[in-house]
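The structure under discussion appears below in the form of structure tokens.
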Amino acid sequence: MGLQGRRINLDPSLCTGCSICSLICSFSKFGIFSPRYSMIRIYYNHEFGRVESISICRQCGECVDRCPYGALRWSGSIVTVDHNLCRGCLTCVHTCKYNAFSVVDGKPYKCDLCNGEPLCAKYCVRGALYAA
Amino acid sequence: MQPKGYTGRILFIDLTKQKYVVKPLEVSIAKQFIGGSGLAAYLLWNMLNENVHPLSPDNVLVVATGPATGALAPSAGRFMVASKSPITGIWGESHAGGFFGPEIKYAGYDAIVITGRSSEPVSLIINDDEVTFYRSQHLWGLDTRTATNIILDSLGRDLHVMVIGPAGENMVKFASIMVDYYRALGRTGMGAVMGSKNLKAIAVRGSRGVEVHNPDEFTKVVEEFLYINTRGPWALPAQLSLGKYGTPNLVSLMNAIGRLPTKNHWTGYWEHADKISGEALLKYRISRGSCFSCMIMCKHITMVGGGKYAGTVTGGPEYESLVSLGSNLLIDNAEAVIYMNQLCNLYGLDTISTGKVISFLFECYERGLVSEEELRGLKPTWGNEETAIELIKMITYRQGIGNVLAEGVARAARIIGRGSEYYALHVKGLEVSAQDPRAHKSVGVTWATSVRGADHLRSLTTVDELGYRDIAIERFGAEMANEVCNRLSEGYKGVVVKDQEDLFALVDSVIMCKYGTMWPPMYYFDFIARLLYPLTGIEEFSNVKHLREAAERIVNLKRCFNLREGIGKEYETIPKRFTSEPMPTGPAKGHVCNLEPMLKEYYLYRRWDYNTGLPYGETLEELGLNFVLVELEKRYSLPRRGNGGSS
Amino acid sequence: MVLVRLHGVIKEEGGIGVVNVDAKSVSEVLHKLPSRIKDIVGKYIKYVVIVVDGEILHVNSEKYLEGDEAVDIFLVAGGG
């Protein structure tokens, strides 16, 4: 199956707020465990045990249109960042409606669906996260 | 080379001077004591002595993480606090899950060491390198939920908070600290230590991460973690029993084996157990949650929607709380138990000790050991939920008989007198947990030897609980397996408990959860070795022998901490109820716990002298604890293996 | 007749908590359970714990049951 039109989705009724998605994301991209580096961040209310919101790229492409340096581009139906072209102006970060970017060392990073096998979904043992 | 996994930094905070300083975590200390409980033991051994009163400014509160905390490793959200315990006067420690521990690491610290006493209520707000002494008069007196919400609303929802309630402020000897609302640092009165320091809360936010020595190798560990939890032999029961029902799942099972403490531990079987079972509680559940980086996910949130207790929303109740506040008091109304659990969480009381001081009073009343005058109209009769609820409030605010109970069951019995000591179920001053040594013999030696008093979490063994033959063979050999697996036999339980205590000392230092190690028995020393080396790059950690030695070092250091306080073998016993009152009803009927042979075996394998209750000098030397040996020899003549003593 | 009490997911999936079975051993009990319950127990057989009057018996146990015992069937769990 190709990646056309796919993005990460969350079923909030299954999410337990364990943070494993964020941990595997930051580890696979940066070799470090830090939910704040992660390109998926789930805001979980521990008082009532429910998901409040999720920050994840919807692959809408608005940042592609706004990037002054052409660093954000479509690869098929996935938006990717070319860090060779990026000058760290963070226009994309401010543009994004979904707060989907993480900024590490001044450069923006975003979900690229891990080349077809999103690790956040693979490691979500409850099946709350899925690519579709 | 600076190891990874650790941040290499310890934050020292002086509340009296309102100053803080960061000092390095020495690599040699990390190698010897790992982190968490081991690191705390090392720090407290050096910073305290026998003259420090637990509620004085001189007592030290250590908040510690381990090398795995904050990483993607089994239940790596856990952290611990340690101090000299106000309820026992000896080694006190308590662990919690949630999300607070990782945040300490992300802020850049392996541990926070708190000394002194603030002149007014204060909270510590830690944002990476910045530590703020936050005036907290407005939070003083508030329950844990309200205080948590005010901190989050005013300072940022991405903080993680540990906080005490009124019980901690009033220095109830078994006050807890609540973390992220419902995770409790419950036992040994750590909340009272915070209260004595005028410290209401600690809130942390960190922007860094946990680095890994060898990411490629660590990826294999992460994959093994996923495999164990999805396709391993324990994956399905872990999900369908512990995960689905949470720890309340144990109520029916423990009742079936006659190990469900009932009526102040009078017996181990209760005909109404199904009213507070995991199945009964399922209908109140509004959320299945989990701690940080956990694939078992046993943390649930419960709500009572209607009736007398409508509006109750609380984490849990866990098995221990259900027993302590339910079967132990003969209260069969699940909604009342959920409500009491919420009250304890809001006031910041340990549910285990709270239930056990209340059941103590109920039994004293039944036996005519307390006067109506002392009770001032209170009717402490079995199953009386109104009285139990009233007592929780009276304990928190130290009113009437509540002020006596707030001292813990051992002191309360000394105050009440009249033979009530017999019904005060504790070891070394800490109220007993929800097991029964008559129905599960190894619990006797677990309670007797536990460094923090009668407690399941230092060495409760499960290999004998239901009898896991494969695990018994793997760990103790085929010859011992049958005897090991028999929970009603004392055979080999000294060695089994010693082995489990070592495993838990390591687990508490790494830090991982008892779920995954105690039950299901998925992770043992070998997994921890595979985890720690690629994480930290400390080569010794790849060696199971080194890890076992480190675990023994940690256990020995904590036991020596108690010896320094004068608490030795004469206190390593269990209440007479379990050794001389045969179990009156249920499947374990007629059984008593014969402690001595297990204790003797434990001492033998611990390499301590059974006669004097002291470690052999050689034992401490072999473990590299010469600094402990030197100090202990100032007050004890430590036996030598070469010159007599049982060996 | 032996009283069989089902617990946890076995009870939930089967929709029934208690059944009476005419059997003289645990192995016979498991054999003679109503077919729907038998299928569920079969599905989890590797993880099933059978407790008879506090004693944990193997699923193949032929130990003689008098008839007044209760047989509890759990999915394995543990701890404290």
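Working note: Karplus 6.51/-1.76/1.60 with θ = phi - 60° gives segment C:48-57 the couplings 7, 10, 10, 10, 10, 6, x, 8, 8, 10 Hz, where Gly and Pro are set to x. So how tilted is helix A:20-30 from the main axis of chain A? Cα-based, degrees 0 to 90, rounded to 10. Value to nearest ten degrees: 30.
Could you work out, residue by residue across C:45-58, how many beta carbons of other chains sit within 10 Å of that residue's beta carbon, and then give the average as an integer?
On the way: counts 0, 3, 8, 1, 7, 1, 8, 2, 6, 15, 4, 8, 0, 2.
Across the residues of C:45-58, the mean count of other-chain Cβ atoms within 10 Å is 5.
Of all DSSP beta bridges in segment B:9-205, what percent run antiparallel (nearest 5)?
On the way: 34 of 45 bridges.
Looking only at bridges with both residues in segment B:9-205, the antiparallel portion is about 75 percent.
Spin-label model, B:Val21/B:Ser637: points 7 Å from Cα along the beta carbon direction are separated by 4.2 nm. Near the amide H of B:His591, within less than 5 Å, lie the amide hydrogens of B:Met583, all on another chain or at least 5 residues away, with H placed in the peptide plane. Of B:Lys263/B:Lys379; B:Lys441/B:Lys514; B:Lys379/B:Lys428; B:Lys84/B:Lys173, which pairs sit farther than 18 Å apart, going by alpha carbon to alpha carbon? Checking Cα-Cα distances, B:Lys441/B:Lys514; B:Lys379/B:Lys428 exceed 18 Å.
Here the Debye sum runs over all C-alpha atoms of chain B as equal scatterers in vacuum, and log10 of I(q)/I(0) at q = 0.05, 0.08, 0.10, 0.11 Å⁻¹ comes out as -0.19, -0.52, -0.86, -1.07. Summed over qualifying helices (DSSP H, 4 residues or more, each -39500 (n - 2.57)) and divided by its residue number, chain A shows a 222 nm mean residue ellipticity of -4500 deg cm²/dmol.
Any chance you could check the Cα centroid distance between segment B:117-157 and segment B:163-238 for me, in angstrom? Comparing the Cα centres of segment B:117-157 and segment B:163-238, I get a distance of 19 Å.
For B:Thr267, the residues 5 or more places off, or on other chains, whose built amide H falls under 5 Å of its own are B:Thr262. Note that segment A:13-123 carries a Kirkwood radius of 14.5 Å, evaluated over its alpha carbons pair by pair.
Can you tell me the accessible area per residue over chain B, all protein chains present, probe 1.4 angstrom, in square angstrom? Walk me through the intermediate numbers first.
Working: 19070 Å² over 647 residues.
Ligands and nucleic acids excluded, the figure is 29 Å² per residue.
With the full set of protein chains in place, find how many percent of the accessible area of chain B is carbon and sulfur; take the probe as 1.4 Å.
Details: 9500 of 19070 Å².
Roughly 50 percent of what the probe reaches on chain B is carbon or sulfur.
What order do you get for B:622-635, B:460-473, B:101-114, C:29-42 when each peptide is scored by the mean count of other beta carbon atoms within 10 Å, highest first?
Numbers: B:622-635: 14.9, B:460-473: 20.9, B:101-114: 25.3, C:29-42: 16.5.
Highest-to-lowest ranking by the protection proxy: B:101-114, B:460-473, C:29-42, B:622-635.
Calculated mean residue ellipticity, 222 nm, chain B: -11000 deg cm²/dmol, from DSSP H runs (n ≥ 4) at -39500 (n - 2.57) each, averaged per residue and rounded to 500.
How many partner chain Cβ atoms sit within 10 Å of a residue's Cβ in peptide A:29-40, on average, as a whole number? If you can, show how the numbers build up before the last one.
Details: counts 0, 3, 8, 8, 19, 11, 9, 7, 4, 1, 0, 0.
That works out to 6 on average.
Taking max minus min of the alpha-carbon positions on each principal axis, segment B:213-259 gives extents of 48, 20, 15 Å, largest first. Counting only Cα atoms, the size of the protein assembly as shown along its three principal axes is 83, 70, 61 Å, in decreasing order. Shielding by partners for peptide B:101-114, expressed as the average number of C-beta atoms from other protein chains within 10 Å of each residue's C-beta, is 1.
Segment B:451-484 and segment A:1-65 have Cα centres separated by 40 Å. Under 5 Å between amide hydrogens, built in the peptide plane, is the criterion, and for A:Ile54 it picks out A:Tyr43 among residues at least 5 positions away or on other chains. Take each peptide in B:28-41, B:483-496, count the other Cβ atoms within 10 Å of every residue, and average; sorted highest first, the result is B:28-41, B:483-496. Placing R0 at 35 angstrom, the Cβ-Cβ distance between B:Asn611 and C:Val59 gives a FRET efficiency of 0.15 after rounding to 0.05.
Mean projection of the alpha-carbon convex hull of segment B:259-424 over all orientations, in nm²? Can you show the working numbers first?
On the way: hull surface 40.1 nm².
About 10.0 nm², averaged over all directions.
A Förster distance of 25 Å, applied to the separation of the beta-carbon atoms of B:Arg414 and B:Glu50, puts the FRET efficiency at 0.75.
Using a Förster radius of 35 Å, what is the FRET efficiency between A:Cys60 and B:Arg208 based on their Cβ-Cβ separation? Nearest 0.05, please. Each step should come with its number before you reach the end.
On the way: r = 31 Å, r/R0 = 0.87.
FRET efficiency, A:Cys60 to B:Arg208: 0.70.
Across segment C:66-80, coupling constants 3J(HN,Hα) worked out from phi with the 6.51/-1.76/1.60 Karplus curve, θ = phi - 60°, read 5, x, 9, 7, 9, 9, 9, 10, 10, 8, 3, 8, x, x, x Hz, and Gly and Pro carry x. Average accessible surface for segment A:13-123: 44 Å² per residue, computed with a 1.4 Å probe over protein heavy atoms with every protein chain in place. Centre-to-centre, using Cα atoms only, segment B:30-82 and segment C:48-74 are separated by 45 Å. Shown here are the Rg and Dmax of the Cα trace of segment B:530-647, at 18.3, 55 Å.
Between chains B and C, what is the buried accessible area summed over both chains (1.4 Å probe, protein heavy atoms, nearest 100 Å²)? Provide the component values of the computation, followed by the final result.
On the way: alone 21180 and 4870 Å², together 24010 Å².
About 2000 Å² of accessible surface is lost on pairing.
Dividing the Cα radius of gyration of segment B:335-482 by 2.2 N^0.38 Å, with N the residue count, gives 1.24.
Where the convex hull is taken over the Cα atoms of segment C:2-75, what is its projected area averaged over directions, in nm²? Don't jump to the answer; show the numbers that get you there.
Numbers: hull surface 16.1 nm².
Approximately 4.0 nm², given one-decimal rounding.
The GluC sites (Glu not before Pro) of chain C that DSSP puts in a loop, and whose beta carbon has at most 10 other beta carbons within 10 Å, are C:Glu66.
Quick check on packing: order A:43-53, B:293-303 by the mean number of other C-beta atoms within 10 Å, highest mean leading.
On the way: A:43-53: 17.5, B:293-303: 25.3.
So the order, starting with the most tightly packed, is B:293-303, A:43-53.
Listed by chain and number, the lysines placed with their C-alpha closer than 23 angstrom to that of C:Lys38 are B:Lys244, C:Lys11, C:Lys24, C:Lys46, C:Lys63; residues fewer than eight positions away on the same chain are left out. Model label points for C:Asn20 and B:Thr579, set 7 angstrom from Cα along the Cα-to-Cβ axis, are 4.7 nm apart.
In Å² (nearest 100), what accessible area is buried between A and B, both sides summed, heavy protein atoms only, 1.4 Å probe?
On the way: alone 7470 and 21180 Å², together 26040 Å².
Heavy-atom accessible area buried at this interface is about 2600 Å².
Ligands, DNA and RNA excluded, the heavy atoms of B:Tyr365 present near 50 Å² of accessible surface to a 1.4 Å solvent probe. Of all DSSP beta bridges confined to the protein assembly as shown, the antiparallel ones make up roughly 85%. What figure in square angstrom, to the nearest 10, would you give for the accessible area of B:His272 with a 1.4 Å probe? Answer for B:His272: close to 70 Å² accessible.
Nearest 500 deg cm²/dmol is fine: what mean residue ellipticity at 222 nm does chain C get from its DSSP H runs of n ≥ 4 alone, each adding -39,500 (n - 2.57), divided by its residue count?
So the helix-based figure for chain C works out to -7500 deg cm²/dmol.
Entry for segment B:466-518 at q = 0.13, 0.17, 0.20, 0.22 Å⁻¹: log10 I(q)/I(0) = -0.33, -0.55, -0.73, -0.84, Debye formula applied to identical alpha-carbon scatterers, no solvent contribution.
Quick one: divide the alpha-carbon radius of gyration of segment B:49-153 by 2.2 N^0.38 Å and tell me what you get.
Working: Rg = 15.0 Å, N = 105, 2.2 N^0.38 = 12.9 Å.
Here the Cα radius of gyration is 1.17 times the empirical estimate.
The values are calculated or read from the model by the stated rules, or taken from the named source; none is laboratory data. Worth saying up front: this structure is predicted, and the values here are computed from it rather than measured. A quick note on method: Cβ atoms are made from the backbone with ideal geometry, for glycine too, and the neighbour counts reach across all protein chains shown. Note: accessible area is taken over every heavy atom of the protein model, side chains too, but ligands, DNA and RNA are not part of it. Shrake-Rupley method; radii C 1.70, N 1.55, O 1.52, S 1.80 Å.
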